[in-house]
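Heads up: the structure comes next, in structure tokens.
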């Protein structure tokens, strides 16, 4: 049976993660987020904490405007001195993501999954970007995180920059470029329930088209 995947990249405070969880439950398919780190750790034997560090820092001094991808799909052997480098950790996460997409229908949150699962090799993937204006995200983030608005704003700016830099350094692509998504949805305009409905409809249409090929 063919596997059909939804990848969701999202700005913090836009509701993308909760939409993904709810959608996976409604469709009766698996949901993957940070558990991909654990799976990559189990497969590689590298400490899970080191994989977490890839989300925070990129181990290169390459300028942000450089379009060259550090990720090639190559996995380094354990004896390599670069075995725990950021690019190898990213490559192991990518390997897990590809294996999931080949094995089962699921929702995958973040981790550049929309770019790892390229359309040429993974046609049964719906690539979604969930976003919202700054003020709407701030209100949502303040309810979720608590603390001062200044601290929340600082966290959100840092999180946006982290995602943009990680994507650019490892894939050579712009994380929030609409060209790399099938759906580019604003939860402040549509509401989270409607955004979920739009994704679900597109997902079911994708499955129907695949069945008729």
Of residues in the range 9-34 being closer than 26 Å to residue 211 by Cα and assigned to a loop (DSSP other than H, G, I, E, B), the one farthest from the chain's Cα centre (by Cα): 28
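Run down 166, 115 and say which single residue is touching a helix residue (DSSP H, G or I) at 6+ places or on another chain (Cβ under 9 Å), surrounded by 15 or more Cβ atoms within 10 Å (Cβ to Cβ) and within 30 Å of residue 208 (Cα to Cα). Break it down stepwise before answering.
Details: 166 fails: within 30 Å of residue 208 (Cα to Cα).
After ruling out the rest, the residue left standing is 115.
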Restricted to the range 34-63 and to residues being surrounded by fewer than 11 Cβ atoms within 10 Å (Cβ to Cβ) and either touching a helix residue (DSSP H, G or I) at 6+ places or on another chain (Cβ under 6 Å) or closer than 16 Å to residue 83 by Cβ (or both), the residue modelled with the lowest pLDDT is 49
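Quick check, is residue 210 modelled with pLDDT of 95 or more and within 24 Å of residue 120 (Cβ to Cβ)? Steps first, answer last, please.
Values: modelled with pLDDT of 95 or more: no; within 24 Å of residue 120 (Cβ to Cβ): yes.
Taking the combined requirement at face value, the residue does not satisfy it.
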Which condition from (1) within 24 Å of residue 5 (Cα to Cα); (2) in contact with a helix residue (DSSP H, G or I) (Cβ under 7 Å, 6 or more places away or on another chain); (3) touching a residue at least 40 places away in the same chain (Cβ under 8 Å); (4) surrounded by fewer than 22 Cβ atoms within 10 Å (Cβ to Cβ) is the one that residue 133 breaks? (1)
Filter pass, residue 6 being modelled with pLDDT of 95 or more and either closer than 25 Å to residue 91 by Cβ or in a strand (DSSP E or B) (or both): yes
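The values are calculated or read from the model by the stated rules, or taken from the named source; none is laboratory data. Remember, it's a predicted structure, so these values are computed and weren't measured experimentally. Neighbour counts run over all protein chains shown; Cβ positions are idealised from the backbone, glycine included.
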